[in-house]
Every structure is written in C-alpha cells, then in structure tokens.
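The values are calculated or read from the model by the stated rules, or taken from the named source; none is laboratory data. A quick note: this is a predicted structure, and the numbers were derived from the prediction, not measured. Here Cβ is always computed from backbone atoms with ideal geometry, including for glycine, and neighbour counts include all displayed protein chains.
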Amino acid sequence: MRTQYFTATSLDGFIATENDSLDWLFPLGDLNNSSYPEFISEVGALAMGSATYEWMIRNAEKVAAEVGSTWPYAQPAWIFSSRKLPIIEGANIRFANGDVRHSHTEMRAAAGTKNIWIVGGGDLAGQFYDAGLLDELIIQVGSATLGKGKPLFPRRVLSPVLHLMSVRQMGAGMVELRYEVHKGSRSGAA
C-alpha cells in the first residue's frame, strides 16, 4: 500500500490556472490512453483539497458528461478543508481538517491493501510529504505553459529524495514521470 500523488502539470509546474481552471489540460490527452485506468483500479481511498473538490462541484455537468456521474469515484474520499462545503449527492466523502496524519490512519484502514491517492492540490500533497507519508509522485507533464497558477508541489525537495523510477510518453502532448520518495534522505526538505 502506497500513498501516491497522481496529477498533471504544465511544463512550467502549475496544476491549474490562478482561477483553478483545468481547461488547458483537456486537449492534451485522453485519460483512457494513460496509466489512469490501471492506477485507479489500485486506489482504495482518496485525499482531496478544497479547491479540487470545489472544482468538481463547479464542473459537475462536465464530469457527468465525461464519466456518467457527478462524482466519478467509488472509493471513500477525505476532503481537507477548514470551511464548510456542500456535499455532492451520492459521494462517499468525509470532511477533514488539521494534521493529515490523523486522517491518513483512517484512510489506510479504509483502503485495505490498496493505495491512497492524493488527488490534489499541490499543498495537500506537500502536507503528506511534510508528515513523511508520501511514497510516490506520478506526474503527467503536458506540453503547455501557464506562466502562473497553482503550483505542482510547493515544497523545496532537493536530491536525493526523489528517485526517478520511469518515464512514459503518452501521445504527442504528455509524458508521465514516476518518482519514489526516499524517506531516509529527506535532507534539503523545507
């Protein structure tokens, strides 16, 4: 069982625009032609930040048209927010606040032998990293630049913490990088 940050980023390191838009991403590739189907089959629980969750709410019609439901996940999800947020009908969600370690214990129990997916955003993934709970980064890099926006991983992580495990081209617009987080070599983290 691993805690994984699976996300997409622009070439210049942003997962969304400053207005939380992902419109730049969709023309670059097809999830079904990526590692996503295999990845999601091994996920037993999800962690999601409030901006990502609110994007799901704002784009419910687009999500439903794409996958047939306004909430595309069967796995239980923990939504991290300090604010009260609406509940998506039919979603198996729990709201969490504070130190990610407390929720991670619950997530591990719910996931069983499967993995935990940190859906987004970058700061939430960074909190799991800070707590020593992040095992892997799976980053799909798109052939676009945004200039500014929501950063991929707003932490300083210096060598030798991240070990490149694989590189996979996904069509003409995307590449997937997989990094393992070596916890015994966290020097340079800030």
**Study point:** Among (1) over 18 Å from the mean Cα position of the chain (by Cα); (2) aliphatic (A, V, I, L, M); (3) surrounded by 14 or more Cβ atoms within 10 Å (Cβ to Cβ) - the single one residue 125 does not satisfy
**Key:** (1)
**Study point:** Of the criteria (1) in a helix (DSSP H, G or I); (2) modelled with pLDDT under 95, which one residue 108 fails
**Key:** (2)
**Study point:** Failed condition for residue 39, given (1) crowded, with 17+ Cβ neighbours inside 10 Å; (2) touching a residue at least 24 places away in the same chain (Cβ under 8 Å); (3) assigned to a helix (DSSP H, G or I); (4) of a type in the set (A, V, I, L, M, F, W, C)
**Key:** (1)
**Study point:** Those residues of segment 1-36 which are among the small types (Gly, Ala, Ser) and in contact (Cβ under 8 Å) with a residue 12 or more places away in the chain, in sequence order
**Key:** 8, 10, 13, 16, 29, 34, 35
Review point. From the set of residues in segment 22-36 that are at pLDDT below 90 and outside any loop (DSSP other than H, G, I, E, B), which is surrounded by the fewest Cβ atoms within 10 Å (Cβ to Cβ)?
Key: 32
Point to revise | Selection within segment 111-127 - outside any strand (DSSP E or B) and either modelled with pLDDT under 95 or among the aromatic types (Phe, Trp, Tyr) (or both) | key: 121
Practice item. Could you please give the count of residues in segment 55-89 that are modelled with pLDDT under 90, in a loop (DSSP other than H, G, I, E, B) and within 18 Å of residue 32 (Cα to Cα)? Key: 2
Point to revise | When residues of segment 173-190 are limited to those that are modelled with pLDDT of 90 or more and in a loop (DSSP other than H, G, I, E, B), the one nearest to residue 140 (Cα to Cα) | key: 173
Practice item. Go over the candidates 143, 166 one by one and state the one that is of a type in the set (Gly, Ala, Ser) and more than 20 Å from residue 23 (Cα to Cα). Key: 166
Study note, to complete from the structure: Within segment 103-115, restricting to residues that are in contact (Cβ under 8 Å) with a residue 24 or more places away in the chain and out of contact with any Gly (no Cβ under 7 Å at 6 or more places or on another chain), the one that is surrounded by the most Cβ atoms within 10 Å (Cβ to Cβ) is 107
Check your understanding: Would you call residue 96 under 19 Å from residue 45 (Cα atoms) and within 19 Å of the chain's Cα centre (by Cα)?
Key -> yes
Practice item. Go through segment 146-172 and give me each residue that's outside any strand (DSSP E or B) and loosely packed, with under 12 Cβ neighbours inside 10 Å. Key: 147, 148, 156, 159, 160, 172
Study note, to complete from the structure: By residue number, the members of segment 128-137 that are part of a strand (DSSP E or B) and buried (at least 21 other Cβ atoms within 10 Å of the Cβ) are 137
